[in-house]
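Okay, so here's the structure we're looking at.
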């Protein structure tokens, strides 16, 4: 069918629609009045136009949502504009007090609502897939998650109905472009030679700190340890190992966890893990390619979200002690505030379930012959021993948990420490007990006699 015939048919339909309006008691004046008349909506309205929907169906939906007054006026206006077939599927935001003409322009121009999905740094690929599956507006299924380190955490925009695989492809392309752009400008003396190794260390740095300014410094510490042949001894790799890569550990690490023999456990294996443990952001990748120049080889949490760094193991031990003290004081302060709230609630005769809280500090008691460790609770204000059953369970738990994985062990002396107890035991077996002083005196008296 030629274009001339199509144009004539379109004109004929338009004239018929205008005639229908006139016959129904309308006029050209009333047509334009309805075309530019504003609706009564006071809030924006979201209009969803599916693929394959006709103009008549769109007009009927607008009338149902009270966005337009006349279906015929909307259809005639679309025909007269010559763009009745140009209405695009998507999600549209109709502003308050919008006229039929304004709504038609929005649909013709395809001014879709922009949706966003933000992928946080440090998530595994499986966790990112869960986020995409829960994001409203995306469509379709996803394949099996790709390896960690292949998806760039970022904010991605999309329109309603975009397939999830499209977002996945954009994330993969963004990560590849990021590492390709940064790799040529890396420091020349790094202890690794491949992009995958850089992404692996970047994933560890990403999990170690949430403070952006610390990333280059933490990267510098890890690089110093790699150059010295020291184990990285970083907790996130242990969590990855004991959770089979899920990184979902809802308890604190113990010494038994640190001893788990696993390729990703940097307490038992030297060098970098075989692959990234999560998907690092651009800043962490930049940090491991251009780390801070430092002599530091240790760091520990400072109790405020950041870390304290040190060059020697002696300094490191002092920093750990300070961190434990700060953590203990913080928890005691929280319990005091909870106790005050409980007292206020009791005064108001409000019955609320409460747990007994006592301002106390827990200390170790003597070790029994069978190896049992007793725990004494000391009242903070009176310094008098109290019944441990009266102390908050968390406080006693803190004491029990305080030593499992937090006692610092110098990695350079770890091998020597293992052999010392064995040598000492061997010497103890070979040595004969020295004679007591009273026995020596008896021997001398016998000789004199």
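The values are calculated or read from the model by the stated rules, or taken from the named source; none is laboratory data. Owing to the predicted nature of the structure, the values given are computational and were not obtained by experimental measurement. All Cβ positions, glycine included, derive from the backbone under ideal geometry; neighbour counts span all protein chains shown.
Numbers below:
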{"item": "Residue check, residue 253 over 30 Å from residue 188 (Cβ atoms) and touching a residue at least 40 places away in the same chain (Cβ under 8 Å)", "result": "yes"}
{"item": "From 333, 343, 368, residue being at pLDDT 85 or above and loosely packed, with under 14 Cβ neighbours inside 10 Å", "result": "333"}
{"item": "Output for segment 94-133, where each listed residue is more than 15 Å from residue 281 (Cβ to Cβ), modelled with pLDDT of 90 or more and out of contact with any strand residue (DSSP E or B) (no Cβ under 9 Å at 6 or more places or on another chain)", "result": "126, 129, 130, 133"}
{"item": "Close pairs from segment 143-161: first more than 24 Å from residue 88 (Cβ to Cβ), partner assigned to a loop (DSSP other than H, G, I, E, B) and modelled with pLDDT under 95, Cβ under 9 Å, at least 6 apart", "result": "148/245"}
{"item": "Residue match in segment 102-111 (condition: within 13 Å of residue 41 (Cβ to Cβ), in contact (Cβ under 8 Å) with a residue 24 or more places away in the chain and buried (at least 20 other Cβ atoms within 10 Å of the Cβ))", "result": "yes"}
{"item": "Hits in segment 150-191 (condition: within 30 Å of residue 226 (Cβ to Cβ), part of a helix (DSSP H, G or I) and over 22 Å from the mean Cα position of the chain (by Cα))", "result": "177, 180, 181, 182, 183, 184, 185"}
{"item": "Of all residues making up segment 92-149, the number that are under 19 Å from residue 172 (Cβ atoms) and part of a loop (DSSP other than H, G, I, E, B)", "result": "18"}
{"item": "Which listed residue is surrounded by fewer than 16 Cβ atoms within 10 Å (Cβ to Cβ) and in contact with a helix residue (DSSP H, G or I) (Cβ under 8 Å, 6 or more places away or on another chain), from 260, 238", "result": "260"}
{"item": "Pick from segment 297-342, criterion part of a loop (DSSP other than H, G, I, E, B) and in contact with a helix residue (DSSP H, G or I) (Cβ under 7 Å, 6 or more places away or on another chain), ranking: farthest from residue 230 (Cα to Cα)", "result": "303"}
{"item": "Conditions (1) outside any helix (DSSP H, G or I); (2) surrounded by fewer than 20 Cβ atoms within 10 Å (Cβ to Cβ); (3) on the phi < 0 side of the Ramachandran plot; (4) without any contact (Cβ under 8 Å) to a residue 40 or more places away in the chain: number failed by residue 265", "result": "(2)"}
{"item": "Count of residues meeting criterion [surrounded by 14 or more Cβ atoms within 10 Å (Cβ to Cβ), out of contact with any helix residue (DSSP H, G or I) (no Cβ under 8 Å at 6 or more places or on another chain) and assigned to a loop (DSSP other than H, G, I, E, B)] in segment 66-91", "result": "1"}
